[in-house]
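Data first, discussion second: the structure below is written as structure tokens.
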Amino acid sequence: MTQIQTIFSRLLVVAFAILASGHSLNAQGGTANDNFVVQITGGATFAKGDCGYGTATWGGDITEDACVDLVWAYDPTPTGDSLCCDSIINDYTDKWVMIRRGVCEFGRKAIWAERAGAKGVIILNHYNSVADNSCTAINIGLGTADGQITIPVFSASRNMGEALDAAVVAGGGQAEICFVLPHLLEPTDAYHYYTPVTQVRSLDHISIRMMNRGLAATDVTIKADIIAPNGFVSSVSTILESLPAFSDTVIFLPAVTPPAVVGTFKVVFSNSLFTDSRDSIRTVFVHTPFSFGTDIGVLKPGGVGSSDIWMSILGIQTAGLCLTGSNGGRATHATFGIANKLDVVTADPAANIIGVTLYDGDADDDGVIDLGAAFSDLDNGIVATGELIMDTTLVNDQLLSVELIDPQTGTLGFDLKPNHPYYISLIYDGLAAGTGKMVRFVSTPHKRYLNSPTTPVRLDQLYAGWEDAMVVQRLELEGYTPPPNFNIVKAHVPLSDSKYKITPNPAVDHFDLTLNLGAINGKVAVSLIDYKGQIVETKVGSNFRDSQFRFETNNLPSGYYRIWIRTAEGNMMKTIAICH
């Protein structure tokens with residue numbers, strides 16, 4: 001078993017362990033935990049999440065396999081719209097209805113549909129939000145109509161909605177869809193989708209969730225077959241001596257080490273109780289020559305990022321977990337991309353920076369990942385840095401690789417410890433740019449990982465990541481050669497210690513950052529980042545060489561903060577303590 005423990009694994013991962021979640025499959029809690037699959041009769045199939053559907057935490061449940069008739073619902077307007085914000089005059093008894101997202105809240109739409117006799121509601125997403133794309137699936141939280149609606153409600157991504165609409169049109173106004181409730185859910189396999197072949201390690205957290213929607217059973221075998229690129233199969237299994245009726249159980253399988261060969265591995269999860277094709281789940285992970293990565297390689301146009309409504313918190317930081325094997329390795333590059341360059345690129349290079357940081361995730365070597373409440377938990381573990389200075393030559397939705405420099409030696413790359421966690425991280429401060437736009441990173445559809453936090457993101461606080469997407473933020477090892485369509489961004493030399501001074505540190509009422517640069521810089525930006533990773537204040541200087549920034553700290557809570565300095569002569573991130 002790995003020595004590195006994460007928040008979940010140190011609580012849950014025990015070889016051969018079986019954990020009953022205690023969820024009742026008959027609980028009324030909306031569609032949020034129903035985990036059904038939607039099948040268009042004779043057509044496509046859609047699951048929860050990316051390019052599929054989002055759920056509601058209110059309304060009714062979908063509790064059994066069923067096939068239903070689907071139609072559009074319409075308002076009593078002269079033209080007949082499908083927003084359904086007012087009473088619906090048509091009779092939709094025993095029908096499921098589609099309603100367009102927009103104008104009024106979801107609960108209001110569902111109330112009118114239920115009053116018109118509908119058995120359930122699917123709300124179709126649109127493209128009106130910059131943050132949305134064809135794969136965006138909206139999860140619907142509590143609304144003012146909570147408690148008034150008894151029918152199931154969920155939302156459909158635009159991709160799913162277009163398929164549903166095409167089926168209804170082809171059926172002359174009505175289509176049949178089926179809800180299928182699989183028994184195996186939420187598989188986990190490797191620690192990352194991409195793992196360098198030199199870093200292959202024991203997979204000691206392979207798991208699957210099993211939902212028994214029927215009678216109790218005994219001696220149920222749960223199995224995972226890991227199929228290597230050369231066809232070699234590694235099988236692990238465990239036996240459930242007792243599986244209660246209507247139970248929801250997470251099962252951990254024995255550890256297994258896949259062969260250290262380059263290529264795509266397939267994992268097939270199965271069980272001996274339910275043997276329909278829907279009750280076998282297939283997942284994939286990849287051994288690469290040199291790359292770590294949590295993304296799944298299929299790039300999503302438009303990327304992922306926060307909505308521009310975060311106007312007062314335009315800083316964003318994301319990261320991807322990389323767990324080394326027994327050989328360690330030398331990290332040399334980070335790979336990522338930008339999806340909306342025209343929104344965020346300005347005429348001032350110091351305002352166009354994506355900072356790249358490689359963190360030691362366990363700097364104190366105690367076997368527990370340091371990241372808990374904020375990225376500042378990792379500040380003592382900054383081991384390599386790089387940066388992208390965005391300009392108009394960038395190609396949207398195209399990946400690039402940035403060199404990583406050891407800030408202690410100034411040399412390319414950093415030697416990774418064996419059997420150790422690292423985070424490759426991207427950070428952007430939109431306050432310096434002043435565009436009012438949030439950067440969007442190139443992304444792929446979401447993959448589930450048990451170990452957490454695997455893909456953290458920080459806006460106003462630390463989150464587990466986006467539900468429907470993974471930011472492409474790969475860590476490349478020595479020997480890496482980018483594909484022909486990639487660009488290599490040369491490392492920006494870290495700002496020399498002789499060019500800045502922070503006094504006093506610790507600070508009480510204020511601190512001063514004094515810069516003594518070698519030449520006049522068109523723009524210099526300095527941000528103060530609090531313990532949550534939120535940018536507290538950014539100061540920008542123009543035509544700047546030798547001068548001073550003062551930050552008032554009277555009204556800031558005591559604690560550790562980060563100062564992020566960006567100049568044309570280098571960048572630096574340092575920790576400062578504020579003590580009252």
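The values are calculated or read from the model by the stated rules, or taken from the named source; none is laboratory data. It should be emphasised that the depicted structure is a prediction, and the values quoted were computed from it without experimental measurement. For neighbour counting, all protein chains shown are included, and Cβ atoms are generated from backbone atoms with ideal geometry for every residue, glycine included. These area figures cover heavy atoms from the full protein model, side chains too; ligands, DNA and RNA do not enter into them. Shrake-Rupley method; radii C 1.70, N 1.55, O 1.52, S 1.80 Å.
Here are the numbers:
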{"read-out": "Condition met for THR435 (surrounded by fewer than 24 Cβ atoms within 10 Å (Cβ to Cβ), out of contact with any Ser or Thr (no Cβ under 8 Å at 6 or more places or on another chain) and not small (Gly, Ala, Ser))", "value": "no"}
{"read-out": "Filtered residues of region 522-538 (kept if more than 30 Å from the chain's Cα centre (by Cα) and modelled with pLDDT of 85 or more)", "value": "VAL524"}
{"read-out": "Elements of type strands (runs of 3 or more DSSP E) contained in region 171-246, each with 2 or more residues being at pLDDT 95 or above, surrounded by fewer than 21 Cβ atoms within 10 Å (Cβ to Cβ) and of a type in the set (Gly, Ala, Ser)", "value": "233-243"}
{"read-out": "Pairs with Cβ under 8 Å, 6+ apart, first in region 445-467 and open to solvent by 30 Å² or more (accessible area, probe 1.4 Å), second of a type in the set (Asp, Glu)", "value": "HIS446/ASP50; HIS446/GLU467; HIS446/ASP468; ARG448/GLU186"}
{"read-out": "Test: residue in region 295-318 that is hydrophobic (A, V, I, L, M, F, W, C) and at pLDDT 95 or above", "value": "no"}
{"read-out": "Residue check, THR257 among the hydroxyl-bearing types (Ser, Thr, Tyr), open to solvent by 10 Å² or more (accessible area, probe 1.4 Å) and either in contact with a helix residue (DSSP H, G or I) (Cβ under 9 Å, 6 or more places away or on another chain) or over 21 Å from LEU203 (Cα atoms) (or both)", "value": "no"}
{"read-out": "Unmet criterion (only one of (1) more than 25 Å from ASP65 (Cα to Cα); (2) touching a strand residue (DSSP E or B) at 6+ places or on another chain (Cβ under 6 Å); (3) hydrophobic (A, V, I, L, M, F, W, C)) for VAL180", "value": "(1)"}
{"read-out": "Residues that are touching a Gly at 6+ places or on another chain (Cβ under 9 Å), open to solvent by less than 40 Å² (accessible area, probe 1.4 Å) and among the β-branched types (Val, Ile, Thr), drawn from region 468-504", "value": "VAL471, VAL472, VAL489"}
{"read-out": "Selection count, region 554-580, where residues are of a type in the set (D, E, K, R), open to solvent by 30 Å² or more (accessible area, probe 1.4 Å) and not in a loop (DSSP other than H, G, I, E, B)", "value": "1"}
{"read-out": "Residues of region 396-415 satisfying the condition of being of a type in the set (Val, Ile, Thr) and at pLDDT below 90", "value": "ILE405, THR409, THR411"}
{"read-out": "Of all residues making up region 351-380, the number that are over 27 Å from VAL540 (Cα atoms) and open to solvent by less than 20 Å² (accessible area, probe 1.4 Å)", "value": "6"}
{"read-out": "Restricting region 39-74 to residues that are in a loop (DSSP other than H, G, I, E, B) and open to solvent by less than 20 Å² (accessible area, probe 1.4 Å), the residue that is modelled with the lowest pLDDT", "value": "GLY49"}
{"read-out": "Candidate set: region 79-114, residues that are open to solvent by 40 Å² or more (accessible area, probe 1.4 Å) and of a type in the set (A, V, I, L, M, F, W, C); chosen: the one farthest from the chain's Cα centre (by Cα)", "value": "ILE89"}
{"read-out": "Cross-chain or 6+ apart pairs with Cβ under 8 Å, region 116-139 first and closer than 16 Å to GLY54 by Cβ and among the hydroxyl-bearing types (Ser, Thr, Tyr), then open to solvent by less than 40 Å² (accessible area, probe 1.4 Å) and at pLDDT 75 or above", "value": "SER129/THR136; SER134/CYS51; SER134/SER157; THR136/ASN125; THR136/SER157"}
